[in-house]
Amino acid sequence: MAERTEGHWEHERELVLSEYATWRVIADDDAPVGMEVRTLETLLRLKAEQQGSPEPGWWTPELTAELLTEVVPRMVVQPRERVMDLVPTLSRFFSCLAETGRWERGAMPITEATAMVEALEFATLEAADDPSRRSFSTNVLGHGMSLGVDLEDDDQLAGYMHWYESLPDAERVRLGATGRLVDPSSPFELEASMRAAAAEAPPSADWPWFLPDPEEAGSISLETLAPDDEGTAHAENAFVRRAAALLELIGEKGRPITATGALGRADCRALLVEESRESSAQGTGVRSMWERPELAGPWVTLLDGGWLEIVGSRVRRLPGPVPFIPFETDADGFVEFAHAVLTAHLLGRDARGEEDGGFHGMPDTLAALLAACRPSGLSLPDPESAETALPSVPIDPATGGWDQQEKGRLAAVRRDLGELVESGILTREGQNTVGSAAVMIALVALIRERDDGSGPQR
């Protein structure tokens with residue numbers, strides 16, 4: 001088949017789904033067309049993104065079985081009644097493709113397709129009920145749905161996530177692994193959890209003037225909290241990637257360290273070259289790990305968090321609160337490690353003073369991080385640049401000029417976000433600072449820590 005662009009296939013999907021809606025209404029004007037189209041849109045998107053098969057009319061027995069029994073359970077949070085509709089809806093879609101001439105030549109015979117997909121009905125339901133086929137976050141969110149949480153309601157979702165983060169570590173891990181939690185130490189109560197989550201929200205009366213209005217910035221979507229491939233989302237975080245590289249370099253035998261408690265130049269060069277941040281020639285100019293925040297940040301977190309220990313002139317690995325497991329070995333185990341190390345870094349910075357590498361702009365920085373984790377990211381104004389449009393800077397009534405304290409708030413947040421970009425927690429895309437679902441989930445733990453009084457409240 002000729003190569004087509006992603007935009008072409010997206011247009012094709014929209015066209016085919018529109019034709020299906022018309023075809024379905026003609027056949028049954030009482031049919032739940034909207035729900036069926038949403039189901040098919042999800043199936044076609046996953047087929048394209050996860051199976052490399054963007055053609056709406058190309059289906060084989062192997063591709064169909066994998067989609068329904070492996071891809072969907074891993075990626076999609078949905079109630080059981082929606083799962084029960086998957087096979088009938090896809091069967092009708094096959095019939096529509098055949099009648100409209102969109103069934104691809106070379107695909108499985110259409111005369112066999114309907115019977116084949118209908119034979120998958122039990123396997124599809126069985127797969128949806130198997131927690132081992134779901135991702136960590138899909139199990140967590142699926143449990144919330146089973147408790148009656150409307151995952152499309154921001155307040156209910158925030159309440160549920162607040163309850164989840166309040167559970168002991170062992171219960172959170174068990175819930176993520178199984179999708180079930182019998183007799184939790186803290187029973188879930190929706191209204192109480194929603195009130196507790198709302199109480200943690202940044203006070204709107206003193207909302208930073210340089211951030212988007214919380215009511216206008218758009219809510220964090222379900223897809224943000226449950227990305228299509230959670231393991232990949234965490235693996236793509238540069239901070240997590242560097243922390244993993246450090247642990248792999250140190251290995252079981254440990255490595256020598258310098259008098260300043262850092263890795264030597266050769267090890268630093270090896271890490272930087274592996275990360276493809278610099279060429280080998282540039283790497284030879286590394287004088288000290290402490291001058292490279294992309295290495296120093298993960299290093300300090302791994303030491304503080306209990307993944308590394310310095311003994312004499314060597315550093316050695318420890319199991320840590322959550323053991324490091326390579327992504328290729330166990331994706332779910334890797335996600336647990338990644339969440340733990342991201343959370344440890346944010347909590348560590350929040351606990352330290354500014355002079356020791358802590359945050360400078362809390363609690364404004366926390367609000368900025370939440371904004372940066374939205375799909376559009378965050379673009380902060382630069383008062384010193386004539387090229388960036390400034391929002392309404394507060395005026396000091398005593399001088400008639402910009403309020404220097406308010407400018408200082410912005411400067412502190414810009415510094416914090418810049419340091420998080422350097423360490424790899426955040427990324428920079430042009431003028432935009434961008435977080436991720438992985439960072440957002442770690443922020444939930446930071447919010448809870450600050451709210452319960454055990455964390456600093458600057």
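The values are calculated or read from the model by the stated rules, or taken from the named source; none is laboratory data. Given the structure is predicted, the values throughout are model-derived calculations rather than measurements. We place every Cβ from the backbone using ideal geometry, glycine too, and count neighbours over all the protein chains shown.
Counting just the residues of segment 28-41 that are of a type outside the set (Val, Ile, Thr) and within 19 Å of residue 56 (Cβ to Cβ), which one comes out surrounded by the fewest Cβ atoms within 10 Å (Cβ to Cβ)?
Step by step, filter segment 28-41, then rank; the result is 34.
Scanning for something under 22 Å from residue 343 (Cβ atoms) and either assigned by TED's automatic domain parsing to the domain that holds residue 128 or outside any helix (DSSP H, G or I) (or both), does segment 156-177 turn up at least one residue?
The answer is yes, given that some residue of segment 156-177 is under 22 Å from residue 343 (Cβ atoms) and either assigned by TED's automatic domain parsing to the domain that holds residue 128 or outside any helix (DSSP H, G or I) (or both).
Considering only segment 137-159, state which residues are crowded, with 17+ Cβ neighbours inside 10 Å, within 16 Å of residue 77 (Cα to Cα) and under 17 Å from the mean Cα position of the chain (by Cα).
137, 138, 139, 140, 141, 142, 151, 157
Identify the residue in segment 374-405 that is assigned to a loop (DSSP other than H, G, I, E, B) and of a type in the set (A, V, I, L, M) and, among all such residues, is modelled with the lowest pLDDT.
Ranking the candidates gives 386 first.
Which residues, taken from segment 64-79, are out of contact with any helix residue (DSSP H, G or I) (no Cβ under 7 Å at 6 or more places or on another chain) and either farther than 26 Å from residue 126 by Cα or not hydrophobic (A, V, I, L, M, F, W, C) (or both)?
Once the filter is applied, which keeps residues that are out of contact with any helix residue (DSSP H, G or I) (no Cβ under 7 Å at 6 or more places or on another chain) and either farther than 26 Å from residue 126 by Cα or not hydrophobic (A, V, I, L, M, F, W, C) (or both), segment 64-79 yields only 78.
Here's the yes/no breakdown for (1) modelled with pLDDT under 90; (2) hydrophobic (A, V, I, L, M, F, W, C); (3) surrounded by fewer than 16 Cβ atoms within 10 Å (Cβ to Cβ); (4) in contact with a Ser or Thr (Cβ under 6 Å, 6 or more places away or on another chain):
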position: 271; (1), (2), (3), (4): yes, yes, no, no
position: 288; (1), (2), (3), (4): yes, no, yes, no
position: 309; (1), (2), (3), (4): no, no, yes, no
position: 312; (1), (2), (3), (4): no, no, yes, no
position: 322; (1), (2), (3), (4): no, yes, no, no
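Output yes when any residue across segment 358-373 is assigned to a loop (DSSP other than H, G, I, E, B), at pLDDT below 90 and in contact with a Ser or Thr (Cβ under 8 Å, 6 or more places away or on another chain), and no when none is.
Yes, segment 358-373 has at least one match.
For segment 1-28: of the residues being under 34 Å from the mean Cα position of the chain (by Cα) and among the β-branched types (Val, Ile, Thr), which is modelled with the lowest pLDDT?
Top of the filtered list is 5.
Quick check, is residue 294 in a helix (DSSP H, G or I), acidic (Asp, Glu) and buried (at least 17 other Cβ atoms within 10 Å of the Cβ)?
yes
Which residue pairs have Cβ atoms closer than 7 Å, lie 6 or more positions apart in sequence or on different chains, and pair a first residue in segment 67-88 that is touching a residue at least 60 places away in the same chain (Cβ under 8 Å) and surrounded by 16 or more Cβ atoms within 10 Å (Cβ to Cβ) with a second residue that is of a type in the set (S, T, N, Q) and not in a helix (DSSP H, G or I)?
Note: pairs meeting the criteria are 74/135.
Condition test on residue 134, is it exposed (fewer than 15 other Cβ atoms within 10 Å of the Cβ) and among the basic types (Lys, Arg)?
Considered against the rule, which asks whether it is exposed (fewer than 15 other Cβ atoms within 10 Å of the Cβ) and among the basic types (Lys, Arg), residue 134 comes out as no.
Among the listed residues 350, 364, 267, which satisfies the condition of being over 30 Å from residue 173 (Cα atoms) and not assigned by TED's automatic domain parsing to the domain that holds residue 245?
Selected residue: 364, the only one of 350, 364, 267 that is over 30 Å from residue 173 (Cα atoms) and not assigned by TED's automatic domain parsing to the domain that holds residue 245.
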